[in-house]
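Take a look at the structure set out below.
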Amino acid sequence: MLIGNKSKDIGRSLLDLARESQSPRTILAAYVNGEIRELSYVLKSGDEIRWIDLSQADGVRIYQRSLVYLFYIALKECFADIELHVLYSLSRGLYVEFSTELDHDDYKLIENKMHELVSEAHPFVKNEINHKEAREIYNKEGLHFKTELLRYKRNEKVTLYACKQRHHYFYGYMVPDTSYINMFEVIPYSPGAILLHPRTYSPDAIPPFFEQPKIHATHMESEAWSDLMGVGEVCQLNRLIESGGVAQIIQVNEALQEKKIAKIADAIIDSKKRVVLIAGPSSSGKTTFTHRLKIQLMAEGVFSQTISLDNYFVDRDFTPLDEDGNYDFESIEALKLDLLNENIEDLLEGKEVGLPLFDFREGKRQDNAYKMKLQKDQVIIFEGIHGLNERLTPGVLKKDKFKIYISALTSLNLDQHNRIPTTDNRILRRMVRDHFTRGYGAEATLGMWDSVRRGEERHIFPFQEEADAVFNSALVYELAVIKKYALPLLEKIESNSPVYSQAKRLKKFLYYLKSIEDDRIVPSTSLLREFIGGSSIL
């Protein structure tokens with residue numbers, strides 16, 4: 001809701017106005033003239049505000065940061081000597097680990113302490129201090145891992161919050177006090193725990209917990225790779241870039257990915273399954289992965305044919321509509337499923353089949369556009385967002401399908417308590433690719449991202465655990481390469497843009513990264529080349 005301030009409101013805080021608001025949800029912050037402001041902000045003449053709550057991505061980010069701060073304080077009050085490591089999103093929450101493994105009673109103690117802190121409404125007090133003062137506070141409170149990152153901070157001032165005599169900074173805005181963080185659950189999940197909290201698709205309650213053992217195992221494998229390479233945090237990567245040692249890390253990371261693709265190819269061959277379905281969210285690198293998988297299969301004497309699910313779209317006039325009345329191309333009903341399953345069945349029986357091509361300009365599908373016939377033991381590879389959903393291929397027995405989930409599960413963190421979200425990695429990839437291949441500016445890519453995310457939440461993420469194999473396409477060094485392409489695009493977005501707050505947030509963490517200016521050290525076969533150009537296999 002857009003609210004233009006009235007003369008009587010000038011000089012009042014957003015908190016005062018929020019308390020008078022008839023908003024159905026708790027207001028966490030506001031956009032003031034398009035920029036995020038905390039509720040302590042005092043209105044000036046000409047300000048226009050839009051409230052931020054948990055139905056918006058920025059609201060969830062603010063809540064999550066504040067929740068981690070609350071958890072950190074509770075942990076230290078219960079177990080002063082235990083260190084916290086905030087790692088990644090998992091099972092609709094945030095996965096964390098500790099320097100000492102805790103048991104169920106320990107987690108219950110921490111959770112009770114968190115509820116106690118919420119009931120006491122301790123304020124998060126924001127301060128601006130200089131680098132010297134920040135280092136002294138960090139060192140005094142045992143946050144030594146935060147001091148080195150100050151070297152890469154562009155601003156002479158450091159933002160620091162205080163709550164219950166504990167200082168911290170989570171690289172973003174916070175709620176006014178602990179009473180705002182009243183919806184959470186601590187779920188033990190060995191060897192750590194998951195902090196559950198509301199999401200945009202469940203703003204009024206904590207979404208139900210569901211296990212993700214395959215995704216968890218893939219994350220842990222990536223963390224092990226990062227430990228092997230000695231690059232888990234931005235400062236470690238920056239040091240390698242400064243010392244000239246990043247080229248070897250690139251080679252090791254690429255080799256680890258190639259080894260993983262080879263293992264997946266071996267698993268497909270061992271399974272004797274002939275229908276391979278690849279799915280993943282936007283900018284996961286599905287196209288490059290598919291080509292590299294085909295090469296690994298060929299190396300073992302198994303040849304494959306690739307079919308794009310996009311060619312099975314129904315004609316535009318029959319495309320289902322979403323809740324806003326727009327074409328919903330991401331709905332499974334947007335595909336001609338009966339034709340797809342008929343074609344697969346005929347191909348597996350060795351018949352020559354006329355396959356369709358979809359004309360996106362005309363919005364029509366041309367059936368029998370080209371011929372395909374599978375040789376004995378050849379594999380068919382399908383790539384598309386619905387690949388893990390059983391509704392896509394009901395005519396193919398489960399025993400004949402091998403499903404692969406691919407995503408860029410970022411393992412590089414800003415520091416021990418601040419992760420770099422996977423979705424930020426993907427949006428930067430897409431932004432750069434859109435610029436190079438479609439001529440889009442960053443504003444256009446950011447503007448459509450919420451819609452992309454809604455489609456992923458509905459059609460991809462619920463089926464992750466259906467996969468026979470999970471592939472992490474993230475490269476620990478990639479953001480240092482992407483920075484030089486993405487940052488100039490983001491800096492073109494002006495403050496009056498509706499996506500300015502997103503651009504500002506992305507710029508803020510990119511500033512901490514040293515840039516790899518000469519990307520010739522990135523192999524031409526790298527999955528990253530799908531986004532920055534120069535691929536030798538696409």
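The values are calculated or read from the model by the stated rules, or taken from the named source; none is laboratory data. Since we're looking at a predicted model, the values are computed, not measured. Cβ placement follows ideal geometry from the backbone for every residue including glycine, while neighbour counts extend to all protein chains displayed.
Laid out as a table, the results:
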{"quantity": "Extreme residue, farthest from residue 308 (Cα to Cα), among residues of segment 342-363 that are buried (at least 16 other Cβ atoms within 10 Å of the Cβ) and not hydrophobic (A, V, I, L, M, F, W, C)", "calculated": "346"}
{"quantity": "The one condition in (1) in a helix (DSSP H, G or I); (2) at pLDDT 95 or above; (3) crowded, with 17+ Cβ neighbours inside 10 Å that residue 95 fails to fulfil", "calculated": "(1)"}
{"quantity": "Search result, residues across segment 70-86 that are within 21 Å of residue 174 (Cβ to Cβ) and touching a helix residue (DSSP H, G or I) at 6+ places or on another chain (Cβ under 7 Å)", "calculated": "70, 71, 73, 74, 75, 77, 84, 86"}
{"quantity": "Residue within segment 446-460 that is within 17 Å of residue 287 (Cβ to Cβ), crowded, with 19+ Cβ neighbours inside 10 Å, of a type in the set (A, V, I, L, M, F, W, C) and at pLDDT below 95 present", "calculated": "yes"}
{"quantity": "Pick from segment 385-412, criterion in contact with a strand residue (DSSP E or B) (Cβ under 6 Å, 6 or more places away or on another chain) and more than 27 Å from residue 426 (Cα to Cα), ranking: surrounded by the fewest Cβ atoms within 10 Å (Cβ to Cβ)", "calculated": "400"}
{"quantity": "Residue match in segment 9-19 (condition: touching a Gly at 6+ places or on another chain (Cβ under 9 Å) and modelled with pLDDT of 95 or more)", "calculated": "no"}
{"quantity": "For residue 434: the one exception among (1) in contact with a Phe, Trp or Tyr (Cβ under 8 Å, 6 or more places away or on another chain); (2) crowded, with 23+ Cβ neighbours inside 10 Å; (3) free of Cβ contacts under 8 Å to residues at least 60 places away in the same chain", "calculated": "(2)"}
{"quantity": "Pairs where the first residue, in segment 59-86, is touching a residue at least 24 places away in the same chain (Cβ under 8 Å) and the second is acidic (Asp, Glu), C-beta under 7 Å, 6+ apart", "calculated": "59/53; 85/97"}
{"quantity": "Test: residue in segment 134-144 that is among the acidic types (Asp, Glu), surrounded by 15 or more Cβ atoms within 10 Å (Cβ to Cβ) and either in contact (Cβ under 8 Å) with a residue 12 or more places away in the chain or not assigned by TED's automatic domain parsing to the domain that holds residue 86 (or both)", "calculated": "no"}
{"quantity": "Residue check, residue 331 under 23 Å from residue 452 (Cβ atoms), buried (at least 16 other Cβ atoms within 10 Å of the Cβ) and not assigned by TED's automatic domain parsing to the domain that holds residue 257", "calculated": "yes"}
{"quantity": "Subset of segment 26-76 (residues that are over 27 Å from residue 420 (Cα atoms), among the acidic types (Asp, Glu) and either part of a loop (DSSP other than H, G, I, E, B) or modelled with pLDDT of 95 or more (or both))", "calculated": "47"}
{"quantity": "Pairs, first over 23 Å from residue 415 (Cβ atoms) in segment 232-261, second among the aliphatic types (A, V, I, L, M) and modelled with pLDDT of 95 or more, C-beta under 8 Å, six or more apart", "calculated": "247/521; 254/475; 257/475; 257/527; 261/293"}
{"quantity": "Meets criteria (touching a Gly at 6+ places or on another chain (Cβ under 9 Å) and within 27 Å of residue 512 (Cβ to Cβ)) for residue 94", "calculated": "no"}
{"quantity": "Helices (runs of 4 or more DSSP H) within segment 242-350 that include 3 or more residues over 30 Å from residue 478 (Cα atoms)", "calculated": "246-271, 337-348"}
